[in-house]
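So the structure is just underneath, and the comments pick up after that.
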Amino acid sequence: MGAGYRMTARANREAEVLIYADVGGWFGGVTAKDFYADLRALGALDTLHVRINSWGGEVFEGLAIYRHLAEHQARKV
């Protein structure tokens with residue numbers, strides 16, 4: 001992943017997700033597979049801070065990332 005994608009664990013069962021890159025693997029952006037693996041690696045969370053500013057990318061990859069976020073038990077901010 002490039003500098004435009006990062007998941008960082010915080011204290012108190014919180015984490016931050018930054019997606020400032022294209023979505024999908026064609027241009028080196030974040031893929032749904034990598035996103036899901038990184039999200040699972042964070043473990044149980046109460047709050048997930050999400051920041052997305054992307055020019056776009058692959059629609060189906062974006063929908064898969066959305067579903068992973070929507071189905072996650074943490075409160076999204």
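The values are calculated or read from the model by the stated rules, or taken from the named source; none is laboratory data. These numbers come from a predicted model, not from an experiment. Note: ideal-geometry Cβ built from the backbone for every residue, glycine included; neighbour counts use all protein chains shown. The area values use the complete protein model at the heavy-atom level, side chains included, leaving out ligands, DNA and RNA. Shrake-Rupley method; radii C 1.70, N 1.55, O 1.52, S 1.80 Å.
When the stretch 44-56 is filtered for residues that are open to solvent by 100 Å² or more (accessible area, probe 1.4 Å) and in contact with a strand residue (DSSP E or B) (Cβ under 7 Å, 6 or more places away or on another chain), the ones remaining, listed by number, are Arg51, Ile52. Pairs are defined by a Cβ separation below 8 Å, a sequence spacing of at least 6 or placement on different chains, a first member in the stretch 43-54 that is under 11 Å from Glu14 (Cβ atoms) and at pLDDT 95 or above, and a second member that is open to solvent by less than 40 Å² (accessible area, probe 1.4 Å) and in a loop (DSSP other than H, G, I, E, B); the pairs so defined are Leu45/His72; Leu45/Ala74; Asp46/Ala74; Thr47/Ala74; Leu48/His72; Leu48/Ala74.
Results for (1) out of contact with any strand residue (DSSP E or B) (no Cβ under 7 Å at 6 or more places or on another chain); (2) open to solvent by 30 Å² or more (accessible area, probe 1.4 Å), shown as yes or no for each residue.
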{"position": "Met7", "(1), (2)": "no, yes"}
{"position": "Leu18", "(1), (2)": "no, no"}
{"position": "Asp38", "(1), (2)": "no, yes"}
{"position": "Leu42", "(1), (2)": "no, yes"}
{"position": "Glu58", "(1), (2)": "no, yes"}
{"position": "Glu61", "(1), (2)": "no, yes"}
{"position": "His68", "(1), (2)": "yes, yes"}
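Determine whether the stretch 28-36 contains at least one residue that is more than 12 Å from Arg6 (Cα to Cα) and touching a strand residue (DSSP E or B) at 6+ places or on another chain (Cβ under 7 Å). No, the stretch 28-36 contains no residue that is more than 12 Å from Arg6 (Cα to Cα) and touching a strand residue (DSSP E or B) at 6+ places or on another chain (Cβ under 7 Å).
Applying a threshold of 9 Å to beta carbon distances and a minimum spacing of six or more residues, or different chains, the list of pairs starting in the stretch 7-28 at a residue that is outside any loop (DSSP other than H, G, I, E, B) and ending at one that is of a type in the set (S, T, N, Q) and surrounded by 13 or more Cβ atoms within 10 Å (Cβ to Cβ) reads Arg10/Thr47; Glu14/Thr47; Ala15/Thr47; Ile19/Ser54; Val23/Thr31; Val23/Ser54.
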